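Read the figures in this text as sums done on the coordinates, not as results from a lab. Everything numeric here is computed off the predicted structure, so don't read it as measured data. Don't worry about glycine lacking a Cβ; one is built from the backbone with ideal geometry, like all the others, and counts go over all protein chains shown.
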Amino acid sequence: MRTAKRFLPEFYTEGIRNGNRMILSKAITLIESTLEEDYHLAQQVIAGCLPYTGNSFRIGITGVPGAGKSTFIEAFGTLLAEENHKIAVLAIDPTSGVSGGSILGDKTRMQELSMHPNVFIRPSPAGGSLGGVARKTRESLLLCEAAGYEIVFVETVGVGQSETTVNGMTDFFLLLMLPNAGDELQGIKKGIMEYADLILINKSDGELLPKARMAKTMYSQALRLFNPSESGWTPKVTLCSSLEKTGLKEVWEMLSSYQALTKENGYREINRNEQLLRWMEENIHEKLNDAFYHHPDIAEKIRDFKQKVIQREISPLKASDELIRYFLSGR
């Protein structure tokens with residue numbers, strides 16, 4: 001079954017289709033590899049799994065720091081798993097800009113959920129990619145679908161400059177917020193709220209409950225300022241407490257209503273098709289970027305042009321034009 005230190009593509013695809021979580025983990029490790037030989041094998045595995053993808057409900061989850069994303073996913077995921085739903089969680093941990101390392105501690109934070117037989121949790125490093133998601137999150141999502149997971153959560157590293165990338169690979173965008181609405185409403189980026197299908201105010205319990213109710217009113221008013229969603233869905237705001245496990249069933253009812261609506265009106269299919277095309281375009285950009293910076297002579301040329309730019313011998317625009325022209329000429 002093995003060639004050198006790698007399995008044949010059929011080993012991965014058959015194992016994934018049979019729901020083998022260990023093989024699924026190995027396959028995700030394969031697609032996350034930066035080795036050229038692993039890349040070609042990973043493409044074969046993805047191609048073998050592709051006919052069995054597209055059937056899950058993909059839910060993107062983001063939120064402000066401290067909103068309790070992992071705690072919510074554990075409580076909500078456990079509720080769904082107990083109702084016999086198969087759940088996959090792709091949890092993204094931030095990568096250090098200094099050491100390049102990542103803690104990958106989501107299985108530690110979701111101990112109860114990670115032990116459930118209906119659940120697969122995969123933490124991955126963001127690896128410096130934009131959008132709060134790992135570079136290979138889309139591929140990992142497809143493999144989870146092929147393995148039969150009907151609900152896939154994509155938990156991002158938190159609200160950031162390009163956090164809305166997760167919206168381009170999921171069906172439903174869930175934004176977790178805290179009860180102290182005044183500060184949050186000022187700090188949250190407008191683009192994030194415009195993408196939200198549901199704003200969920202977590203930690204709505206105890207002394208924070210009155211503030212949470214006030215926050216719900218404020219966010220509901222804010223959502224009315226945005227243009228109607230193309231999905232035909234009216235974004236909601238609701239309360240929950242992951243610790244007290246209140247409001248979770250209502251969240252699932254809203255998610256189920258959204259899923260039924262977008263299947264009926266055709267938006268789900270339209271959105272999935274647009275996501276596939278966007279994925280292709282992003283991969284083209286990624287490949288061109290890699291090809292440019294891995295060109296055998298470009299690195300030296302870049303160093304030369306950097307000095308010329310710093311010394312005001314050439315403008316940054318002219319320098320970039322010259323570098324691209326050199327790259328395209330193949331010299």
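A protection proxy built from the mean count of other Cβ atoms within 10 Å ranks the segments 290-299, 75-84, most packed first, as 75-84, 290-299. For a straight C-alpha distance cut-off of 19 angstrom, the aspartates and glutamates reachable from residue 211 (same-chain residues fewer than eight places away being disregarded) are 183, 184, 244. When the convex hull of its Cα atoms is viewed from all sides, the range 15-71 shows a mean projected area of 5.8 nm².
With N as its number of residues, the range 279-329 has a Cα radius of gyration that, divided by 2.2 N^0.38 Å, comes to 1.26.
Tally Lys/Arg at +1 and Asp/Glu at -1 over every other residue whose Cβ is under 11 Å from the Cβ of residue 236; what's the total?
-2
For GluC sites (Glu not before Pro), the sites in the range 245-326 that DSSP calls loop and that have at most 16 other Cβ atoms within 10 Å are 313.
Compactness check for the range 214-331: Cα Rg over 2.2 N^0.38 Å is 1.86.
Of 69/236; 203/263; 136/249, which ones are farther than 23 Å apart at the Cα? Distance filter (> 23 Å) returns 203/263; 136/249.
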